[in-house]
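What follows is a single structure, written as structure tokens, with notes after it.
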Amino acid sequence: MGTLTVYPAIRLEGRLRAQPSKNYTTRFLLAAALSEGESRIEAPAESDDSRALQRCLLELGASIVQDGSALRVRGFGHRPRSGKTLNPGNAGAVLRLLIAISALTEETDFVTDYPHSLGRRPQQDLLDALGQIGVDSQSQGGLLPIRVRGGHRLHPAEIKVQVGQSSQYASGVLFLAPLLPFDSAVKLLGPLKSAAAIRQTIDTLRRFGITLQVSPDLRQIAIPGQQSFQPRSLTVPGDYPGSLALLAAAALRPGQVTVDNLQADDLQGERAALDVLIRMGADLERSGDAVTVRGGRALHGVVEDGDPFTDAVQALCAAAALAEGTTIWHNVATLRLKECDRISDTRAELRKLGVDCDEGEDRLILRGKPAIEGGVCLDSHGDHRMVMMLCALGLAAQRPVVIAEPQHIAKSYPDFFGHLRALGAQLEVSDS
């Protein structure tokens, strides 16, 4: 499946434009497909997840045309095609949003080519929430493959959504509710994970003309039914999670790296990870939508609630591995339900690099060391965030490291290796 050799970097230097946000690309494209008319989405992410969503939206009846750097999307509104089999690849958010939207169809099937990754991620809480309004579903204990039957079966009811495992269940219901023929009262139950992602969903809905009332704690959301998404022309903002991997790598090596197109008022939770890097001792500053790191300064450990910036925890682990003292990421149990177990599998790879680390059910503990020798083979575990973390560590190691199955980076950041090379990194991809 291929390997990537990462050579130690003497320094990292340069200026890059942040890739488009994966999360906002997903939300904007879905909202455009749910609109009555044509939208223009400028600078969408060109990732595996984005392509998977586009394939599914085409199956459901949308028209998507490349127009320069934009996509023109003509929506199917509240009438997605029924009787389709959708394969979202390894994209968990895509799957969950589309499961919810499929409640508008008489029958939709969901499958995946990744039975050992997405196929193991739980969907039952979402299926239970949809069941309250009459959606019938068949699955293997809430796992793929899944069949959803909605359409004429739908009826009014309070929609209670358990969000302790994923905020994506709530986001799916929120995209669905405005298109229902009745008003909806949505209630979020359990520990609220990744609240920032729910705020991104609410922001997207409002941008596309949807009316809803949201309690300050996000727990109660009232959504009138029989609404229509309105077509829009929008530009996808820069991606914070992927950019954090570049910035964490920059903090570990001498030099100066600037990443543009990171909006200062963005709702992505991973924006908060910039402050975490500063608290770790990184020389980081913002000027407008540009973030600059001057690397090579000594870092120190921190104790942080990682849930607000869950998709940046892997990148920050790279910084913590070389920081003086102990770093603890707590309240991160949802990391176990990603493309891999990002607690246990991260611990395993860090230990190969000689980093002393432990884990709890909802935490990861790292005891940093002054240097990483390298010279080892590492496993991506099929996870794009793992690839990013291991690349950052390889650049800071004393000897090259080899990463197995690096192609999974394309799930969210296909230009990641090219961007690292533009900063001076030496990377070598092998197909063997």
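Mind counting the residues in segment 85-122 that are under 21 Å from residue 177 (Cβ atoms) and part of a helix (DSSP H, G or I)?
Summing the residues that are under 21 Å from residue 177 (Cβ atoms) and part of a helix (DSSP H, G or I) in segment 85-122 gives 13.
In segment 27-62, what residues are of a type in the set (Asp, Glu), assigned to a helix (DSSP H, G or I) and touching a strand residue (DSSP E or B) at 6+ places or on another chain (Cβ under 9 Å)? Give the steps one after another, and end with the answer.
Kept after step one, since they are of a type in the set (Asp, Glu), are these residues of segment 27-62: 36, 38, 42, 46, 48-49, 59.
Next cut, assigned to a helix (DSSP H, G or I) only: 48-49, 59.
59 - this is the single residue of segment 27-62 that is of a type in the set (Asp, Glu), assigned to a helix (DSSP H, G or I) and touching a strand residue (DSSP E or B) at 6+ places or on another chain (Cβ under 9 Å).
Only one residue in 187, 160 is under 12 Å from residue 133 (Cβ atoms), assigned by TED's automatic domain parsing to the domain that holds residue 77, free of Cβ contacts under 8 Å to residues at least 60 places away in the same chain and among the charged types (D, E, K, R), so which one is that? Reasoning before the result, please.
Numbers: 187 fails: under 12 Å from residue 133 (Cβ atoms).
Residue meeting the stated conditions: 160.
Which members of segment 409-432 meet the condition of being among the aliphatic types (A, V, I, L, M) and over 17 Å from residue 250 (Cα atoms)? Walk me through it before giving the result.
Step one: of segment 409-432, the residues among the aliphatic types (A, V, I, L, M) are 409-410, 420, 422-423, 425, 427, 429.
Correct list: 409, 410, 429.
Give me the pairs, please: first residue somewhere in segment 306-329 and within 21 Å of residue 394 (Cβ to Cβ) and assigned by TED's automatic domain parsing to the domain that holds residue 391, second residue anywhere and surrounded by 24 or more Cβ atoms within 10 Å (Cβ to Cβ) and at pLDDT below 95, beta-carbon distance under 7 Å, and either six or more positions apart or on two chains.
Filtered contacts from segment 306-329: no entries.
Need a quick list: strands (runs of 3 or more DSSP E) entirely within segment 218-308 having at least 2 residues that are surrounded by 19 or more Cβ atoms within 10 Å (Cβ to Cβ), at pLDDT 95 or above and touching a Ser or Thr at 6+ places or on another chain (Cβ under 9 Å).
Working: elements: 220-223, 233-235, 255-260, 283-287, 290-295, 303-305.
Answer list for segment 218-308: 220-223, 255-260, 290-295.
Restricting to segment 108-120, what's the tally of residues that are over 16 Å from residue 408 (Cα atoms) and either crowded, with 21+ Cβ neighbours inside 10 Å or of a type in the set (A, V, I, L, M) (or both)?
Residues flagged as over 16 Å from residue 408 (Cα atoms) and either crowded, with 21+ Cβ neighbours inside 10 Å or of a type in the set (A, V, I, L, M) (or both) within segment 108-120 amount to 3.
Collect the residues in segment 409-432 that are touching a residue at least 40 places away in the same chain (Cβ under 8 Å) and assigned to a helix (DSSP H, G or I), keeping them in residue-number order.
Initial filter on segment 409-432 (touching a residue at least 40 places away in the same chain (Cβ under 8 Å)): 410-417, 419-420, 422-432.
410, 411, 416, 417, 419, 420, 422 - these are the residues of segment 409-432 that are touching a residue at least 40 places away in the same chain (Cβ under 8 Å) and assigned to a helix (DSSP H, G or I).
Please pick out the residue among 173, 148 that is modelled with pLDDT of 95 or more, under 17 Å from residue 98 (Cβ atoms) and not in a helix (DSSP H, G or I). Walk me through it before giving the result.
Values: 173 fails: not in a helix (DSSP H, G or I).
Testing whether each residue is modelled with pLDDT of 95 or more, under 17 Å from residue 98 (Cβ atoms) and not in a helix (DSSP H, G or I) leaves just 148.
Quick check on my filter: what residues within segment 87-107 are within 20 Å of residue 382 (Cα to Cα), surrounded by fewer than 24 Cβ atoms within 10 Å (Cβ to Cβ) and more than 13 Å from the chain's Cα centre (by Cα)?
87, 89
Assuming residue 191 fulfils every condition listed in (1) buried (at least 16 other Cβ atoms within 10 Å of the Cβ); (2) touching a Gly at 6+ places or on another chain (Cβ under 6 Å); (3) within 25 Å of residue 266 (Cα to Cα) apart from one, which condition is it?
Answer for residue 191: the failing condition is (1).
Can you find a residue that is farther than 19 Å from residue 242 by Cβ and not assigned by TED's automatic domain parsing to the domain that holds residue 421 anywhere in segment 41-49?
In the first step, residues of segment 41-49 are kept if they are farther than 19 Å from residue 242 by Cβ; the result is none.
No - not one qualifying residue is present in segment 41-49.
The values are calculated or read from the model by the stated rules, or taken from the named source; none is laboratory data. What you see is a predicted model; the values in this text were computed from it and never measured. FYI the Cβ positions are ideal-geometry reconstructions off the backbone, even for glycines, and counts take in every protein chain you see.
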